[in-house]
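Written below as structure tokens is the structure these notes are about.
Where a number appears in this text, it was derived from the coordinates with a stated rule and is not lab data. Remember, it's a predicted structure, so these values are computed and weren't measured experimentally. Heads up, the Cβs are rebuilt from the backbone with ideal geometry, glycines too, and the neighbour counts pull from every protein chain shown.
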Amino acid sequence: MNQLKYFLINLFETMFRGISIPGKTGLIKLGNPNAGSPVFLTCNYHLTVARVKQALQHIDCYLLIANSHGRNVWCGSTGGHLNNHHVISVLKTSGIEALINHKKLIVPQLAAAGIEAIVIHKKTGWRIIWGPVYAKDIPYFLRNKQQKTEEMRKVKFDFVQRIEMTVMWAFPFSLIVALITSLFWQEMTWPLTGFIWGLTTVIFLLFPLYSKWINPKKKGTQFSRYTVVFDFGRTPVILWTAFMVCLLTYGILTHSLTTGFFLRWSFISLVIILLISLDLAGSTPVYKSGLHEDRFLDIKIDKEKCKGAGFCEQVCPKNCYQVDHRNHTASIVRADDCVQCGACIVQCPFDALYFKGKKDEIVTPGQIRKYKLNLMGKRMVKI
């Protein structure tokens, strides 16, 4: 893939990142693979496929694309759109087994919340190797004998990712605002568009400066713990209502109240309220969305069941675990960093991990494996 085409794909699909864009499923040969070449698996979100192919462009290998219904790897696996069925299906229908002399499948680490390595092995004979979080690390991962470093296992929110989130949020917001204002307030189209891009850019580029104050586990009161300023509850609605009352009062007292005046300023205030209520935590890979009910859960380990297999350490995107292979035990060393993705629970062969709520309620491994998160953060998607 030439660089210009790759750049345009990234730009276009980042602008519409909130929309599922599915690509073809099946098998792709990259370079000149042979029977011993590595086999990779990814989802059929078009942008993900493009980035994986870019990372593998100098590697002779096979790439299996499973049907995730156009979702990316992490959203697909946590939402039940990329699960055991989809992996088994592409393994059986792609014809890959006739082309290779091994059964090792390199799967993105962030798929571990939805794909059970043990189940795949039992049903197909394929052994899953959890690859790096980011496709760009694959070449070094292969040179390192398919062993991940600690950095390869960890999700980040670097400068490039923050730029992408800026574009993802600012583009649809500004497009909608531009279309509406062009109809009844043309002189404000460009100022409002610029304001949206400017505010969104500041929000995401300055994220490292204020991220330490974000805590999705705590419920917001007047100020949110997980959005830009205000949460999605009553506070922004009350503020907007108060502004509307003041606007009406001002218009009546100054005899300037017209339909156009009222609609214009109510629209501007609504745009501002929506922007400062943006789900900041959920827009990053390092925090749980404020919408997700799981954010109040704590990860726990049953020491009697734990055998130190180390799968938890291999799939945790926040490096919360430390495994003592000599004594066959695992411990949670960074519990506060947990983003409740459930990958460790799904992969543990001994069911030694579970979630515990503030009222001592237990969320079992069976529940985590069977029910995934819907768009509103409720664990209601049955697979």
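Okay, here's what the table says:
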| read-out | value |
| --- | --- |
| Semi-axes of the equivalent ellipsoid for the stretch 3-153, Cα gyration tensor, largest first, Å | 22, 18, 15 |
| Karplus 3J(HN,Hα) series, Hz, for the stretch 295-312 with 6.51 cos²θ - 1.76 cosθ + 1.60 (x for Gly, Pro) | 5, 8, 8, 10, 7, 10, 10, 8, 4, 6, 8, 5, 10, x, 5, x, 5, 4 |
| Relative contact order of the chain, pairs being alpha-carbon contacts under 8 Å that are 6 or more residues apart, as % | 14 percent |
| Whole-number percent relative contact order across the stretch 293-382, with pairs defined as alpha carbons under 8 Å at least 6 apart | 30 percent |
| Square roots of five times the Cα gyration tensor eigenvalues for the stretch 24-103, Å | 21, 15, 9 |
| The stretch 3-153, relative contact order [Cα under 8 Å, separation at least 6], % | 22 percent |
| Sites excluded, GluC sites (Glu not before Pro) in DSSP loops with at most 12 other C-beta within 10 Å, longest stretch of the chain | 151-303 |
| The stretch 293-382 - Kirkwood radius from inverse mean 1/r over Cα pairs (Å) | 13.3 Å |
| For the chain, calculated [θ]222 nm from helices alone, where every DSSP H run of n ≥ 4 adds -39500 (n - 2.57) | -12000 deg cm²/dmol |
| Sorted by Cβ neighbour density within 10 Å, fewest at the top, the residues K103, K382 | K382, K103 |
| Cα centroid separation, the stretch 239-277 to the stretch 74-138 (Å) | 53 Å |
| Antiparallel DSSP beta bridges within the chain, as percent of all bridges there, nearest 5 | 65 percent |
| Residue order, fewest to most beta carbons within 10 Å, for L183, L63, L47 | L183, L47, L63 |
| Nearest-ten-degree value, helix 189-205 long axis tilted from longest Cα axis of the chain | 40 degrees |
| Using distinct alpha-carbon pairs, which all enter the 1/r mean, Kirkwood radius of the chain in Å | 22.9 Å |
| Qualifying trypsin sites (Lys or Arg not before Pro) in the stretch 108-161, DSSP loop, other Cβ atoms within 10 Å at most 15 | K145, K156 |
| Debye intensity ratio I(q)/I(0), log10, the stretch 96-186, q values 0.13, 0.22 Å⁻¹ (C-alpha model) | -0.65, -1.12 |
